[in-house]
1. I need every pair where a residue in region 83-102 that is farther than 14 Å from ALA49 by Cα has its Cβ under 6 Å from the Cβ of a residue that is of a type in the set (Lys, Arg) and modelled with pLDDT of 90 or more, sequence separation at least 6 or different chains.
2. Hey, any hits in region 83-90 for a residue that's more than 18 Å from PHE138 (Cα to Cα), buried (at least 19 other Cβ atoms within 10 Å of the Cβ), under 18 Å from the mean Cα position of the chain (by Cα) and of a type outside the set (Gly, Ala, Ser)?
3. Quick one: what pairs do we get from region 133-156, first residue closer than 14 Å to ASP22 by Cβ and assigned to a helix (DSSP H, G or I), second small (Gly, Ala, Ser) and modelled with pLDDT under 70, C-beta under 9 Å, 6+ apart or different chains?
4. Looking only at region 37-53, which residues are more than 17 Å from LEU20 (Cα to Cα), touching a residue at least 12 places away in the same chain (Cβ under 8 Å) and either surrounded by fewer than 15 Cβ atoms within 10 Å (Cβ to Cβ) or not small (Gly, Ala, Ser) (or both)?
5. Out of (1) more than 14 Å from ILE26 (Cα to Cα); (2) crowded, with 18+ Cβ neighbours inside 10 Å; (3) at pLDDT 85 or above, what's the single condition that is false for ASP102?
6. If you go through region 104-123 one residue at a time, how many are over 21 Å from ARG87 (Cα atoms) and either free of Cβ contacts under 8 Å to residues at least 12 places away in the same chain or more than 17 Å from the chain's Cα centre (by Cα) (or both)?
7. Modelled with pLDDT of 85 or more and under 23 Å from MET21 (Cα atoms) - does that describe any residue in region 122-132?
8. Just for region 1-54: of the residues that are among the polar types (S, T, N, Q) and in a strand (DSSP E or B), which one is farthest from ARG85 (Cα to Cα)?
Amino acid sequence: MRLENTFDVPAPPERAWELLMDVPRIVPCMPGAQLVETVDDSTWKATIAVKLGPMSFQFASDVRRGDTDRSGWRAQLDVAAREVRGRGSGNAEITSTLAPTDEGTRVTIVTELTMAGAVAQYGRGLVQPVSAQLVDSFAACLRETMLADRPAPPAPARPVSGLRLAFAALAHWLRHIGRRTPPGDQPRGGSD
């Protein structure tokens, strides 16, 4: 599954690059994520908590920095995650690209995501419509961090709320259905 999100930050590419390369600094911005260990300069361990309706998932994740190209403002993170109770796994290749704008930097994040096991059955229908909402939260935190010019304050990792995700998925589905109905094909009702 391919997910693509774009957002702007009020900082030049050089400053945005430094922040995006500092994985321990931005982990608190990721909804439901918590840094567990810094293995070395390009490898980390993290946990990610997700709650979908009555189901809660806790993922142990290995994060590794892949190819980076500072001159092209392009970086890659590879994430291998496994649900701690054996209910599935996921792999993500996350490519971030920066582009200068008049007011700062546009960040484009392309994620190639694969899921397996029970988590795939619960998550597949929600991942695409909810990804934009999660990236919006991440982007807002990055903006605050850049404006404050200091690390994001450590906060307890709260599970991503299944109810909030369900409402976002429902809204996405309703918008999608609304686009499929041609304007002249409205249901006919009785005259008043």
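1. Between residues of region 83-102 that are farther than 14 Å from ALA49 by Cα and residues that are of a type in the set (Lys, Arg) and modelled with pLDDT of 90 or more, the close pairs are THR97/ARG74; ALA99/ARG106.
2. Within region 83-90, one or more residues are more than 18 Å from PHE138 (Cα to Cα), buried (at least 19 other Cβ atoms within 10 Å of the Cβ), under 18 Å from the mean Cα position of the chain (by Cα) and of a type outside the set (Gly, Ala, Ser).
3. CYS141/ALA152; LEU142/ALA152; THR145/ALA152
4. Taking region 37-53 first, the residues more than 17 Å from LEU20 (Cα to Cα) are 37, 39, 47-53.
Applying the additional criterion that residues be touching a residue at least 12 places away in the same chain (Cβ under 8 Å) yields 47-53.
Selection gives THR47, ILE48, VAL50, LYS51, LEU52, GLY53.
5. Condition not satisfied by ASP102: (2).
6. If we filter region 104-123 for residues that are over 21 Å from ARG87 (Cα atoms), which is where we start, we get 104-111.
Filter once more, so that each one left must be either free of Cβ contacts under 8 Å to residues at least 12 places away in the same chain or more than 17 Å from the chain's Cα centre (by Cα) (or both): 104-105.
Looking only at that region, the number is 2.
7. Narrowing region 122-132 to residues modelled with pLDDT of 85 or more: none.
Scanning region 122-132 turns up no residue that is modelled with pLDDT of 85 or more and under 23 Å from MET21 (Cα atoms).
8. Going residue by residue through region 1-54, those that are among the polar types (S, T, N, Q) are 5-6, 34, 38, 42-43, 47.
Filter again for in a strand (DSSP E or B), leaving 5-6, 34, 38, 43, 47.
Working: ASN5: 30, THR6: 33, GLN34: 18, THR38: 23, THR43: 23, THR47: 13 Å.
It comes out as THR6.
The values are calculated or read from the model by the stated rules, or taken from the named source; none is laboratory data. In this text, all values refer to a predicted model and were calculated from it rather than measured experimentally. For neighbour counting, all protein chains shown are included, and Cβ atoms are generated from backbone atoms with ideal geometry for every residue, glycine included.
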